[in-house]
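A short write-up of the structure that comes next.
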Amino acid sequence: QVQLVESGGGLVQAGGSLRLSCAASGSIFSFHVMAWYRQAPGKQRELVANITSGDRISYADFVKDRFTISRDNVRNTWYLHMNSLKPEDTAVYYCNAGRYGNNFWGKGTLVTVSS
């Protein structure tokens, strides 16, 4: 069973930066896609960014030019580098991976951006 564990969340002031990490329990080579989602209070979960096994990357419009997704195949980890954070970025951030029709989720890490 695949386990994903997020880390790196916390409280940051507007304009600040954080780096989220998602560590997989095994090799990430088998994942077709790795992603970050977020869910703000009272809102639906939404896609933030994803990266495919072929290194194709896409971002939601609301984070373009501020967030960067990357991965480290040796550490079996992918990251979300978040810059220029805004209060509206406050949410629980979840990592997600897809493989052969199966979806795996972490338990989430809370990011709070103060104004």
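When only Cα pairs below 8 angstrom with a gap of at least 6 residues are kept, the chain shows a relative contact order of 37 percent. For the chain, the solvent-accessible area of protein heavy atoms averages 55 Å² per residue (probe radius 1.4 Å; ligands and nucleic acids excluded). Near the amide H of ARG71, within less than 5 Å, lie the amide hydrogens of TYR79, all on another chain or at least 5 residues away, with H placed in the peptide plane.
Relative to a virtual label point 7 Å from the Cα of SER25 in the Cα→beta-carbon direction, which members of the stretch 92-108 show backbone nitrogen distances below 13 Å? Those under the cut-off are 104-107. Using only side-chain charges placed at the Cβ, +1 for Lys and Arg and -1 for Asp and Glu, the dipole size of the chain relative to its Cα centre rounds to 120 debye.
Around ILE28, what is the net charge, scoring Lys/Arg as +1 and Asp/Glu as -1 over all other residues with Cβ under 11 Å from its Cβ? Residues close to ILE28 contribute a combined charge of +2. At full extension, VAL74 and SER58 could sit 3.5 nm farther apart than now, given 0.36 nm per residue minus the alpha carbon distance. Rolling a 1.4 Å probe over the protein heavy atoms of the chain, with every protein chain left in place, gives an accessible area that is 47 percent carbon and sulfur. Pairwise Cα separations in the stretch 24-115 fall into 5 Å bins from 0 onward with the following percentages, short to long: 3, 13, 25, 26, 18, 10, 4, 1, 0.
The values are calculated or read from the model by the stated rules, or taken from the named source; none is laboratory data. In this text, all values refer to a predicted model and were calculated from it rather than measured experimentally. Counting neighbours? That spans all protein chains shown, and the Cβs are built from the backbone with ideal geometry, glycine included. For accessibility, only protein heavy atoms count, side chains too; no ligands or nucleic acids. Shrake-Rupley method; radii C 1.70, N 1.55, O 1.52, S 1.80 Å.
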